[in-house]
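Heads up, the thing below is written out as structure tokens.
Coordinate-derived values only; no laboratory data. This one's a predicted model, so the numbers in the text were calculated from it and none came from an experiment.
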Amino acid sequence: MKIAITGTGMVGRTLAGFLSRAGHSVTVGTRNAIETMSRTDPNGKPGFKEWAVDFPNVPLKDYSEAAEGAEIIINATHGVKSIEALSTVGSANLDGKVLIDTANAFAYQEGAAPVLAVANTDSLGEQIQRQFPKARVVKTLNTVGAPFMVDPGRLPEGQPTIFVSGNDGDAKSQVIQILKDLFGWEDIVDLGDITTARGPEMFMSLWVRVWGAVKTPLFGFRLLK
Ligand SMILES: NC(=O)c1ccc[n+]([C@@H]2O[C@H](COP(=O)([O-])OP(=O)(O)OC[C@H]3O[C@@H](n4cnc5c(N)ncnc54)[C@H](OP(=O)(O)O)[C@@H]3O)[C@@H](O)[C@H]2O)c1
């Protein structure tokens, strides 16, 4: 498959690396490829250019160029900037495509838990679907830390539950197949249309507080019925 991933952070890198190693043709999109490749992290963490050394088959391109000809596009951008980033990708590259949205619209604030910039009566998934009505948006993977996305069985206690939301049944089936067959997810709950993305997005208010309490992002929640 030809897959474009918008986002050079932990999620973009995790998904791009895994999908590339699984034999897919992956391109990563960024605001400015030259600038991103020359950037050094102020906190001393490896930048995209250090990550890219291990993945010479994963080109980094500006958003619209990265998405050209992609069959599937994965949004892994900063949630409050996702509409802006996807607008740069452009409707022409999104129309008719499966658009997997992993983002959370967190507004970060110093010394306090992040707040959701969209909640209750709307969600980022819905905003993206409204902005790009011909894209086939499927919200998923936003409720787990990036390492779980491609390795859901990493904890001996078992896999977390993962959710999918979207209006297009075929797109959801395709994404569920990717979650199962490529990433290894077992407990997948189809919540319904894209308005149900409000649930997994608002769930993240709990997630960040659990992270604060257990001091590791490597935890998950399983649905028990
Ligand atoms: N980290 C996790 O474990 C995790 C888990 C689940 C969901 N998520 C969600 O997945 C998304 C990606 O998370 P992340 O941790 O990988 O990275 P992030 O730091 O949240 O986002 C980084 C990406 O956002 C892009 N971006 C586009 N426009 C931007 C702007 N105006 N200002 C700032 N950044 C902009 C950046 O572009 P450039 O490439 O140009 O810098 C970069 O590619 C987020 O929405 C996050 O909430 C994260």
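Which pairs in the list K2/K134; K61/K97; K49/K134; K81/K180; K2/K172 are over 22 Å apart, alpha-carbon to alpha-carbon?
K49/K134; K81/K180
Taking Cα pairs under 8 Å and at least six residues apart, what relative contact order does the chain come out at, in percent?
The value is 17 percent.
Report the convex hull volume per residue for the stretch 43-187, counting only C-alpha atoms, in Å³.
159
Using only Cα positions of the stretch 135-208, each an equal point scatterer, no hydration layer, compute I(q)/I(0) via Debye at q = 0.17, 0.19, 0.20, 0.26 Å⁻¹ and quote the log10 values to two decimals.
-0.61, -0.76, -0.83, -1.27
GNM on the chain, C-alpha springs below 10 Å: top fluctuator among N142, N75, N43?
N43
Among DSSP beta bridges whose residues both lie in the chain, state the antiparallel percentage, nearest 5.
20
Where a Cα-Cα gap under 20 Å defines reach, which lysines qualify for K45, not counting those fewer than 8 residues away within the same chain?
Reachable lysines: K215.
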